[in-house]
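Input: a single structure, listed below in C-alpha cells.
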Amino acid sequence: TALGWQSALVIDGAELDPRTGRTASRRPSGPGTVLWLTGACLAMSVSAWRRLDGFDDELFLYWEDVELSWRWQQEGGRLAIADDLVCVHDQGGTQRSDDDDRAKSPLYYYYNCRNRLLVAARHLDGRGRLAWALRSPAHARRVVLRGGRRQLLRPWRNVLPATRGTVSGLRALLSVPRASGPRPRRP
C-alpha cells in the first residue's frame, strides 16, 4: 500500500492588532495590523536572521514568531506568504496534555499568556502596554477555552498555568521604564 500524507492548512498568514494584542489566523485585512508569519515554516536569508539576532530567547515556545515578524517590519522588511513552499509540521507536539486529547499542556497556557505581555513590553509605549495588560484576563480566558469548556473541569491543568503566565507577563510589563518605547535587544 502507498503511504499517504493527510494535510491541512493550519495558518496562511496572520495578523496582530497592536491596539488590543489579539491575533487572528488569516491574511492581514488592513492597515494598523502587524503581519506575522508562523515560525513553523519560516524562510529568510542568513544575513537577515543574524541582523535581527534570531528569535528572542526569552520567548520560549509562543509569540517568538510574532515578535520576530514585528521587528523585521520595524526595520523596513517585508513579509510575504510563499504559496509555492510546502512544510510538514508536527503541530501540537509541545501542546499535548497527557490527560486529555483536547487539553493542551500547562506549558502552552503559561507561555502563551506570559509571552504576549513580553512582546508588549518590548514594542509598546505606556498606553499600549496598559491596553494589553487590561485585556490580559480576556486573553487568558480565550487561551484556556480553545479546547472547549471541558477545560474548566481541571483548572489546575490550564487555568492555574494561564494565571501564572499572565502574572509573570504583567511583572515584566511593569518593570519597563515609563518613558521608554520599544526595548533594545540584548547584545
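What to note about this one:
- For Ser69: the one exception among (1) among the polar types (S, T, N, Q); (2) in contact with a Leu (Cβ under 9 Å, 6 or more places away or on another chain); (3) surrounded by fewer than 20 Cβ atoms within 10 Å (Cβ to Cβ): (3)
- Among the residues of the stretch 50-62, those identified as touching a residue at least 24 places away in the same chain (Cβ under 8 Å) and open to solvent by less than 20 Å² (accessible area, probe 1.4 Å) are Asp56, Leu59.
- All of (1) open to solvent by 30 Å² or more (accessible area, probe 1.4 Å); (2) at pLDDT below 90; (3) farther than 26 Å from Phe55 by Cβ hold for Gln151 with one exception: (1).
- Selection from the stretch 1-49 of residues that are modelled with pLDDT under 80, surrounded by 14 or more Cβ atoms within 10 Å (Cβ to Cβ) and hydroxyl-bearing (Ser, Thr, Tyr): Thr33, Thr38
- Complete set of residues in the stretch 48-66 that are touching a Leu at 6+ places or on another chain (Cβ under 7 Å) and not in a loop (DSSP other than H, G, I, E, B): Leu52, Asp65, Val66
- Residue pairs meeting the criteria (Cβ under 8 Å; at least 6 apart or on separate chains; first within 16 Å of Ser25 (Cα to Cα) and at pLDDT 85 or above, in the stretch 65-88; second outside any helix (DSSP H, G or I) and β-branched (Val, Ile, Thr)): Asp65/Thr38; Val66/Thr23; Val66/Val34; Ser69/Val34; Trp70/Val34
The values are calculated or read from the model by the stated rules, or taken from the named source; none is laboratory data. This is a predicted model, so every value here is computed, not measured. Neighbour counts run over all protein chains shown; Cβ positions are idealised from the backbone, glycine included. For accessibility, only protein heavy atoms count, side chains too; no ligands or nucleic acids. Shrake-Rupley method; radii C 1.70, N 1.55, O 1.52, S 1.80 Å.
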